[in-house]
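So the structure is just underneath, and the comments pick up after that.
The values are calculated or read from the model by the stated rules, or taken from the named source; none is laboratory data. Only a predicted model underlies this, so the values are computations on that prediction, with no experimental measurement involved. For neighbour counting, all protein chains shown are included, and Cβ atoms are generated from backbone atoms with ideal geometry for every residue, glycine included. Keep in mind that these areas ignore ligands, DNA and RNA; they rest on the heavy atoms of the full protein, side chains included. Shrake-Rupley method; radii C 1.70, N 1.55, O 1.52, S 1.80 Å.
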Amino acid sequence: MQPRLQLRDIGKRFGATVAIERIDLTVAVASVHAVCGENGAGKSTLMNILAGVHLPDRGEIVIDGARVAIPDPAAARRLGIGMVHQHFTLVPSMTVAENTFLGRQPRRFGLLTDVAAMRVRAAALNERYGFGLDVRAPVATLSVGQRQRAEILKALALDSPRILILDEPTAVLTPREADELLRVVRTLRDGGTSVLFITHKLREAIAVSDNVTVIRDGRSILHRPTAGASEAEIAVAMVGRDVVPPQRGAPPVLTTRGGLSLHDVTVTAPGGRRRLDSITLSVRPGEILGIAGVDGNGQSELAEAVAGLLPVQAGRIMLDGRDVTRASARARRDRGLGFIPEDRLDRGLSPGLPVAENLALSLYRAARLARFGVVSLRARDRFARDLLRRFDIRGGGAGVPAGTLSGGNMQKIVVARELARRPKLLLVAQPTRGIDIGAGEFVHRQLLDAAGRDCAILLISSELSEVLSLADRIGVLFGGRLVGVVDRAAATEARIGAMMSTGRPA
Ligand SMILES: Nc1ncnc2c1ncn2[C@@H]1O[C@H](COP(=O)(O)OP(=O)(O)OP(=O)(O)O)[C@@H](O)[C@H]1O
Ligand SMILES: [Mg+2]
């Protein structure tokens with residue numbers, strides 16, 4: 001049978017950066033094709049070429065046997081290509097229905113769009129794919145999982161989707177939402193759509209795809225049917241070596257005083273609902289306390305309360321022997337708090353500023369980059385280059401705007417900056433989300449090293465395996481309450497999983 005899509009000898013550079021050296025890719029009709037590769041390998045660039053966002057410098061695109069040109073996103077849509085981008089693109093103040101047809105309503109002499117018709121069509125799509133969305137709801141009111149489905153709805157609002165591109169669609173989803181999404185992907189495939197599925201979660205790639213292609217440094221280096229492929233084989237192809245996830249050793253002997261403690265910390269939402277309910281916990285210097293739980297059970301509130309971004313209504317927060325309950329975020333940073341937030345790109349980064357500036361942000365005092373209040377640009381750039389090398393952050397160097405880096409490399413900037421401050425307490429949420437398997441291994445090692453230097457680490461993660469391999473003790477959040485804290489020696493996946501789903505100590 002004729003393939004749905006053939007990419008032949010595609011090449012693309014941005015200025016001096018070669019994003020795609022040479023890629024060939026063939027995708028069958030009615031199949032799921034996983035595309036894997038390290039951060040910066042060229043996955044999103046390739047998909048953006050298919051979606052009409054970028055023009056290739058070289059190569060051929062053949063769809064259902066016909067050679068095509070895709071000069072802009074409208075051309076991609078006419079060819080039946082829909083794309084869900086790596087980062088959210090919906091307009092929060094508009095409804096799901098409005099977003100679904102954004103920029104695609106017929107515009108004639110200022111004639112108003114037919115809102116009712118739009119709603120009906122969006123509702124029909126929603127029904128057909130079983131998304132369970134309220135198409136009249138503003139996107140701002142949706143959960144992350146619902147937003148992701150709304151993004152897909154928008155990508156599917158074509159007459160006949162021949163190709164659907166999903167660029168890391170599950171990165172921000174809970175395991176249950178991710179399973180839901182995989183179900184939708186299979187339904188689409190069974191209906192004849194060819195799905196290109198990009199993910200760093202190799203287990204997922206294997207579970208959902210029929211074929212897999214690995215891209216490394218802008219080259220396609222492995223094509224194979226997924227049946228019979230192992231995570232290890234794909235990882236080795238991606239990274240070029242074996243990936244050995246580090247494991248926490250025996251529990252440390254804690255001698256230093258200080259660290260972080262929370263006493264009966266309560267955060268109430270404006271409506272009066274308790275989002276954090278009497279949380280009491282402590283993390284000593286040199287210790288890693290893991291917080292497991294399904295996303296949305298108070299993890300974000302816990303992180304923000306400790307960081308000083310969310311006021312607490314009751315209770316006390318002690319940092320390194322001082323009461324910081326009412327202290328500003330800035331004052332807490334000055335007392336040695338490092339923060340790697342889960343929404344790094346919104347909260348941790350200025351995309352328009354150079355990489356060097358982003359790495360140095362809020363570091364000037366800590367790293368002595370400034371003298372007499374004046375920042376030495378030479379010192380800043382030296383510092384930045386050192387971090388780029390140590391954290392293997394790729395994509396054009398210290399001078400380029402941070403926003404031009406690949407998604408995972410942007411994440412690494414925030415991780416590198418916060419670790420470089422040598423914090424006394426590191427608050428880290430979802431540290432490996434969106435980064436590749438090799439970089440994830442590296443970040444885990446960095447966290448273990450930081451603990452070895454007596455940093456107290458509060459690690460919040462919805463990846464149970466991450467918590468189990470790094471933490472000395474594991475707490476579970478459920479409905480804003482800390483269900484219990486278990487020593488790692490006594491923590492099994494089954495036990496913690498049960499606490500996560502029932503909200504009761506097990
Ligand atoms: N608009 C742009 N301007 C300059 N360089 C770019 C631009 N877009 C991408 N690049 C560069 O192209 C390379 C490939 O980036 P791409 O986003 O395709 O990687 P990726 O495989 O999707 O990585 P990730 O897993 O981190 O999302 C990177 O080096 C990146 O810095
Ligand atoms: Mg990408």
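Structure values in brief
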read-out	value
Residue list for the range 222-271, filter: under 30 Å from residue 482 (Cβ atoms) and basic (Lys, Arg)	248, 257
Single unsatisfied condition, residue 213 versus (1) under 28 Å from residue 96 (Cα atoms); (2) within 16 Å of ligand 2 (Cβ to nearest atom)	(1)
Of all residues making up the range 57-82, the number that are modelled with pLDDT under 95 and in a strand (DSSP E or B)	1
Enumeration of residues in the range 375-394 that are assigned to a loop (DSSP other than H, G, I, E, B) and over 13 Å from residue 359 (Cβ atoms)	376, 392, 394
Helices (runs of 4 or more DSSP H) contained entirely in the range 401-506, each with at least 1 residues that are surrounded by fewer than 16 Cβ atoms within 10 Å (Cβ to Cβ)	437-452, 464-470, 493-502
Any hit, the range 320-343, residues being open to solvent by less than 10 Å² (accessible area, probe 1.4 Å), assigned to a loop (DSSP other than H, G, I, E, B) and either in contact with a strand residue (DSSP E or B) (Cβ under 9 Å, 6 or more places away or on another chain) or of a type in the set (Gly, Ala, Ser) (or both)	yes
Hits in the range 153-180 (condition: at pLDDT 85 or above, open to solvent by 50 Å² or more (accessible area, probe 1.4 Å) and assigned to a helix (DSSP H, G or I))	179, 180
Filter pass, residue 391 being free of Cβ contacts under 8 Å to residues at least 40 places away in the same chain and either of a type in the set (Phe, Trp, Tyr) or within 16 Å of ligand 2 (Cβ to nearest atom) (or both)	no
Those residues of the range 13-43 which are near ligand 1 (Cβ under 7 Å from one of its atoms) and part of a strand (DSSP E or B), in sequence order	14, 17, 19, 37
Residues satisfying the stated conditions in the range 344-365, i.e. aliphatic (A, V, I, L, M), outside any helix (DSSP H, G or I) and open to solvent by less than 50 Å² (accessible area, probe 1.4 Å)	349, 363
Some residue of the range 36-46 being surrounded by 20 or more Cβ atoms within 10 Å (Cβ to Cβ), assigned by TED's automatic domain parsing to the domain that holds residue 139 and away from ligand 2 (no atom under 16 Å from the Cβ)	no
